[in-house]
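These notes are about the structure you will find just below.
The values are calculated or read from the model by the stated rules, or taken from the named source; none is laboratory data. The model shown is predicted, which means the values in this text are computed figures rather than measured ones. Here the Cβ positions follow ideal geometry from the backbone for every residue, glycine too, while neighbour counts run over all protein chains shown.
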Amino acid sequence: MAAGAVTLLFVAAAAFAPDVDNSWLGMSGQAAAPSIVLTVAVFALFVASPKRDLEGNTCARLLTVVAGTLLVYCARDMPVVFCGWLVSSLPLLVKFGNTDGAGSLKFSAVRPVVMLLVSCGLLGIAVIILSIAGDAGLGSGDGYLRNAALASALAAALIRSGVFPFHSWAVNSLAEDSSAVSLSLAIGMPGAFLIARLAGQALGNVAVTFLPLVGDLALISTVLISLAALAERNPRRLLALVVTSQSGFIIGGLALHNVQGISGALLHWVVVGVSTPGLVLVLRGLEARCGTATRVSLAGLGSRAPRLAAFFIMLSLALVGLPGTLGFCAEDLLFHGALETHPLLGFALPIATALNAIHLFRLFSNLFFGLPTRHVPAICDCLPRERWILSAMVLFLVGTGLMPNQIVQWRVASAQAIARVAANASSTP
């Protein structure tokens with residue numbers, strides 16, 4: 001917890017410092033919000049996670065993911081981005097690269113390892129190509145080598161973000177790794193941030209050619225992953241599918257090239273970074289209390305843990321955009337932006353949102369209803385440390401939803417910068 005507090009204070013100070021800049025690293029307004037959201041979420045995980053989730057080297061792995069992700073956020077050059085990308089991948093590679101007793105790699109761990117290695121390889125290729133072209137930064141310019149490098153970087157970002165058809169590795173990592181390490185990588189979204197950085201630069205033909213395709217694929221991915229979740233019964237995998245589908249909302253919004261869509265994506269990033277850790281904390285708390293993650297044992301717990309049930313449903317409603325929460329503001333902007341740029345795909349977002357709402361309500365019903373009280377094991381309700389953290393999350397989402405002006409204006413400034421550069425690039429012959 002002390003390490004999480006120190007990290008949070010350091011990033012908060014860096015985000016609001018007037019002159020945090022050098023040739024390699026710099027804290028911009030675009031990076032400030034994701035950095036603060038990530039560190040607050042990780043601090044919450046340190047405080048409220050079950051003790052078994054923080055045993056062994058988990059804390060070191062978690063802080064390594066945070067350090068690598070923050071390095072991606074603050075990087076000025078592509079080589080520094082690659083270093084952060086690789087550092088944030090190492091804890092998952094070590095976790096899933098461990099062999100079983102027979103000395104062979106578990107089948108469920110193959111895809112996360114392969115996809116992370118492919119993502120790092122593609123970004124490494126982009127860095128090498130840019131070095132050959134004599135450009136290690138993210139500035140303007142065209143050319144075949146530069147376009148190939150940026151296409152490789154976008155492919156790496158899509159794989160890292162778990163966009164369909166690369167979603168299975170992200171779902172497996174979230175479902176198999178019960179600790180907070182995989183979740184911190186999911187809510188950090190280095191892939192989405194890299195796409196935002198690329199969209200916010202003068203990329204010439206790349207902005208016209210690749211980013212709309214990336215946005216279309218991300219929006220379609222959200223619907224497909226939501227449809228795949230209809231057949232899922234395991235609580236942990238169902239929540240992992242819902243979390244993975246959120247990256248499609250964010251990446252699709254960042255590629256819309258209008259202020260409404262980009263603002264909605266940046267706001268939704270904040271919503272996901274706050275609500276998702278809360279949902280995972282509730283689920284992991286129930287699993288730790290019951291000693292199992294099976295569907296049969298986790299049922300009817302609402303009579304024993306009504307506070308946990310209340311927190312779960314409130315965070316779920318905020319994630320799917322209930323009016324009066326910040327999620328509603330984010331999705332309203334995102335839907336309007338999608339309808340303005342892609343009318344047909346704009347209809348896909350309400351469908352995906354409705355499916356996610358169904359999945360979360362189904363998960364809520366399976367966890368907290370379905371069994372009489374006499375058949376439910378006696379468990380304790382929300383612990384004080386859980387109650388304080390979950391209450392703060394709910395108050396933030398509801399408070400900013402009722403009075404959204406300040407946080408919306410904060411995100412609109414970054415959205416206008418991205419949209420302005422993208423519009424200039426699109427108008428360049």
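Annotations
- Identity of the residue in the range 290-326, in contact with a Ser or Thr (Cβ under 7 Å, 6 or more places away or on another chain) and modelled with pLDDT of 90 or more, that ends up nearest to Trp388 (Cα to Cα): Leu315
- Helices (runs of 4 or more DSSP H) contained in the range 131-217 and holding at least 3 residues modelled with pLDDT under 75, surrounded by 21 or more Cβ atoms within 10 Å (Cβ to Cβ) and not β-branched (Val, Ile, Thr): 181-188
- When the residues of the range 351-387 are filtered to those that are among the small types (Gly, Ala, Ser) and at pLDDT below 85, the one that is surrounded by the most Cβ atoms within 10 Å (Cβ to Cβ) is Gly370.
- Whichever residue in the range 384-409 is among the polar types (S, T, N, Q) and in contact with a helix residue (DSSP H, G or I) (Cβ under 9 Å, 6 or more places away or on another chain) and, among such residues, is farthest from Leu315 (Cα to Cα): Gln406
- The residue pairs whose first member lies in the range 37-58 and is more than 20 Å from Thr69 (Cα to Cα) and in a helix (DSSP H, G or I), whose second member is aliphatic (A, V, I, L, M) and modelled with pLDDT of 80 or more, and whose beta carbons are closer than 6 Å, counting only pairs six or more residues apart or on different chains, are Val47/Ile389; Ala48/Leu281; Ala48/Ile389.
- Yes/no for Ser316 being polar (S, T, N, Q), in contact (Cβ under 8 Å) with a residue 12 or more places away in the chain and in contact with a Leu (Cβ under 7 Å, 6 or more places away or on another chain): yes
- Answer residue from the range 329-344, given it is farther than 11 Å from His257 by Cα and acidic (Asp, Glu) and is nearest to the chain's Cα centre (by Cα) among those: Glu331
- Criterion (over 19 Å from Gly401 (Cα atoms), in contact (Cβ under 8 Å) with a residue 40 or more places away in the chain, outside any loop (DSSP other than H, G, I, E, B) and not acidic (Asp, Glu)) met by exactly one of Leu279, Leu256, Leu308, Leu267: Leu308
- Failed criterion for Thr400 (all others in (1) in a helix (DSSP H, G or I); (2) closer than 24 Å to Ala305 by Cα hold): (2)
- Being farther than 16 Å from Ala352 by Cα, among the aliphatic types (A, V, I, L, M) and either surrounded by fewer than 24 Cβ atoms within 10 Å (Cβ to Cβ) or more than 12 Å from the chain's Cα centre (by Cα) (or both) is a property that Leu239 lacks.
- Failed item in (1) crowded, with 21+ Cβ neighbours inside 10 Å; (2) in a helix (DSSP H, G or I); (3) out of contact with any Pro (no Cβ under 8 Å at 6 or more places or on another chain), with Ile313 passing the rest: (1)
- Out of Gly337, Gly324, one residue alone is in contact (Cβ under 8 Å) with a residue 60 or more places away in the chain, among the small types (Gly, Ala, Ser) and not in a helix (DSSP H, G or I). It is Gly324.
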